[in-house]
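What follows is a short report on a single structure.
The values are calculated or read from the model by the stated rules, or taken from the named source; none is laboratory data. Bear in mind the structure is a predicted one, so any value in this text is a computation, not a measurement. Virtual Cβ from ideal backbone geometry, glycine too; neighbours counted across all protein chains shown. In case anyone asks, the SASA skips ligands and DNA or RNA and just uses the protein heavy atoms, side chains included. Shrake-Rupley method; radii C 1.70, N 1.55, O 1.52, S 1.80 Å.
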Amino acid sequence: MIKYVSVFALLMVALALPAHACGEGGQCQLDKRSYAAKLPPGWDGRSPLPVLLHFHGWGRQGTGVTRNKRIADAAAAAGALLIAPDGLRKSWAFWSDDRRDIDFTENVLADVARRWPIDRERIIVSGFSYGGAMAWFLACDQGDRYRAVLGIAGTLPRLEGRDCATGPITIRNVHGEKDTVMRLHGGEDALAFWNALAQCGERVTTKNGRYRHHAWQGCESSLEVHDGGHWIPKGWLHTQLIDLLAGDNEKSPR
C-alpha cells in the first residue's frame, strides 16, 4: 500500500510542475501544428533578435531541441532566439518536391515575427540528421532568404536535377567520418554540387583542431569532417554562430 501511495504522490508532484511556455523552451501552437521557442537570457525585450531556426532529427520534436545543451546553449551564447519547428509524425518532407514543410516554415517565421521583434537579415538555419536534410531542402528552395545554413550530420539526397536558388547563401556542414546513418559521402556530394552551382573556386583543405576543414575559394561554404559518428560535435554550432553573428556586427555601421 505504501508503494502505491508513493507512486501516486510522485505523479501528483509531476502534474503540478509548471510546463514551459512558448518562449521559455515550450511549444507554441500554430493552427494544427506547433514549434518550440526559447528566448536568449538577458534580452531587453525590445532589441531585434537574430534567429537560430533548427530542424530536429527523425523521431524527435522541437522541445527536445530547446533542451539540448549543444544547441540551446549555442543559441543563448550568441544572443539568438531559438526556434524549433515540429515535423509531422516527427519527420520532414524532403525526399521530393513536396513543399508542405517549406510552407510550414514560412508560417512559423511569420508567427515568430508577430510574437517577437526579429532581425530578418540574421536568420540562421540549422538541422541535425533528417533535420539537416530539411535545412538543405530549405537552402535549395529559398536559401537567399537566410544568412546561412549549418548542416549537422545530414544532407539532402539527390540534389542533381533540383532547381536550387543561387542567392548569396553560406552553407557550412559538419559530418563524422564514421557516420553510418547519413554517410559522409552524401555531404561531400552535396557541397560539391552547391559550390559548382555557386561557381566557387578550387577546394582548399586544412587542419582545424579536431576537424579536416574543406573550403572553396571565393565562397563562404565549408565542410568540416571529424573522426566520429552520427552526432552533434560539442562546440561546433557555438563556434559557427559566434563567427557568423559577430562578423555581421563588425560589418554594421556604428
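Please list, in chain and number order, the residues 5+ apart from C22 or on another chain whose amide H is under 5 Å from its amide H, with Hs placed from the backbone.
Close amide H contacts, sequence-distant or interchain: none at all.
Per residue of the chain, what 222 nm ellipticity follows from adding -39500 (n - 2.57) for every DSSP H run with n ≥ 4, rounded to the nearest 500?
Rounded to the nearest 500, it is -11000 deg cm²/dmol.
Just to make sure I understand: if all protein chains stay in place, what is the order of S96, S126 by accessible area at 1.4 Å, largest first? List each step's numbers first, then the result.
Details: S96 60, S126 0 Å².
Final ranking, largest accessible area leading: S96, S126.
Dividing the convex hull volume of the alpha carbon atoms of region 98-213 by its residue count, what do you get in Å³ per residue? Display every interim value, and only then the final one.
Numbers: hull volume 14.0 nm³, N = 116.
Each residue corresponds to 121 Å³ of Cα convex hull volume.
Considering only T170, N68, A78, whose Cα is most displaced toward the positive end of the charge dipole of the chain, charges sitting on Cβ of Lys, Arg (+1) and Asp, Glu (-1)?
It is N68, whose Cα lies furthest towards the positive end.
Taking the 0 to 90 degree range and rounding to the nearest ten, how far is the long axis of helix 130-142 tilted relative to the main principal axis of the chain, both from C-alpha atoms?
60 degrees
What translational D, rounded to a whole number of µm²/s, comes out for region 86-161 from Stokes-Einstein when the hydrodynamic radius is the Kirkwood one over Cα pairs, at 25 °C and 0.890 mPa s? Write out the running numbers ahead of the final one.
Numbers: Rh = 12.9 Å.
Rounded, D is 191 µm²/s.
Average projected area of the Cα convex hull of the chain, in nm²?
Working: hull surface 66.3 nm².
For the Cα atoms of the chain, the hull's average projected area reads 16.6 nm².
Can you pull the accessible area of D31 for me, 1.4 Å probe, Å² to the nearest 10?
D31 has an accessible surface of roughly 140 Å² with all protein chains in place.
Based on Cβ point charges of +1 for Lys and Arg and -1 for Asp and Glu, what charge dipole magnitude is obtained for region 97-216 about its Cα centre, in debye rounded to the nearest 20? Each step should come with its number before you reach the end.
Details: 17 positive and 17 negative charges, 108 e Å.
So the dipole magnitude of region 97-216 works out to roughly 520 debye.
Using the Cα centre as the reference, give the magnitude of the dipole from point charges on the C-beta atoms of the chain (Lys, Arg: +1; Asp, Glu: -1; all else neutral), rounded to the nearest 20 debye. If you can, show how the numbers build up before the last one.
On the way: 31 positive and 28 negative charges, 167 e Å.
Its charge dipole is roughly 800 debye.
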